[in-house]
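Please treat every number below as a calculation from the coordinates, not as lab data. For clarity, every value in this text was computed on a predicted model and none was experimentally measured. Using ideal geometry, Cβ is built from the backbone for each residue, glycine included, and neighbour counts are taken over all protein chains shown.
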Amino acid sequence: MEAQARRTGRLADSQRAIAHGTGGEPGSRLATRLAMPISGDTLLRLIRATPLEPPPPPRIVGIDDGAWHRGRRYGTIVVDLERHRPVDLLPDRDAETVAAWFRDHPGLEIVARDRTGADAEGARLGAPEAVPVADRWHLLRNLGDALPRILDRRPPDLRAAAKAAVTVLRAANEVLPPMLPPASRPVSPQRQGVLWPRPGSSTGPSAASSMSCSPVRPRASR
């Protein structure tokens, strides 16, 4: 136990584990049940005071533009694609700034980036040994831009594909068995008597309504 400390090392470790697992107020309630009373604010201070382990150097990163202030100031964000965590925020979008960051972080194997622009130029200058790849968003965007142009050049093939699809659907409908009407549920004799009363019988909607509307007389007290 350290000098002027209010808790032992074992108690501090237990409370810190509770704080990381449950948070502030839930951790306070749990610690109180475990005979280790502590406030939620103190648990949050224990979380903030925990030293962070330095992350391992990234091997696969993605680089793209990021807005410091949308519409006014833009920078560059670098993300570790293996751990899905941001690595760094660069102050601008200049190719030289990006290249300097890559030179300060050797060992990169794959860089996901734009195909053109300052990011591509900075990656080529700062990490020439890394394999450049296009990220998923730009691949889908390029595919969406290229597909209409390709289809616009081949209208006969589109018409033939549409006719083939219609033929397949018609053949499938002919093979399928006809749809049968839903089976009707049998009506009980009591239900039949209510719906279709026999001639001369006192049962039926009118009788039921008259019975339901008849006043109920209070029972005389003895």
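Summary of values
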{"read-out": "Whole-Hz ³J(HN,Hα) from phi, Karplus 6.51 cos²θ - 1.76 cosθ + 1.60, for region 58-70, glycine and proline x", "value": "x, 10, 10, 10, x, 10, 7, 6, x, 9, 6, 9, 4"}
{"read-out": "Vicinal HN-Hα couplings computed from phi for region 79-95 (Karplus, 6.51 cos²θ - 1.76 cosθ + 1.60; Hz; Gly/Pro x)", "value": "10, 7, 6, 6, 9, 6, 9, x, 9, 7, 10, 8, x, 8, 10, 6, 5"}
{"read-out": "For region 30-169, the spread of Cα positions along each principal axis, largest first, Å", "value": "77, 47, 33"}
{"read-out": "Placed amide H near Asp114: partners under 5 Å, 5+ positions off or other chain", "value": "Ala120"}
{"read-out": "Convex hull per residue volume in Å³, alpha carbons only, for region 94-163", "value": "101 Å³"}
{"read-out": "Normalised contact order of region 1-144, rounded percent, pairs of Cα under 8 Å and 6 or more residues apart", "value": "15 percent"}
{"read-out": "Where trypsin sites (Lys or Arg not before Pro) fall in DSSP loop in region 119-167, at most 11 other Cβ within 10 Å", "value": "Arg153"}
{"read-out": "Cβ-derived FRET efficiency at R0 25 Å, Val133 paired with Leu89, nearest 0.05", "value": "0.70"}
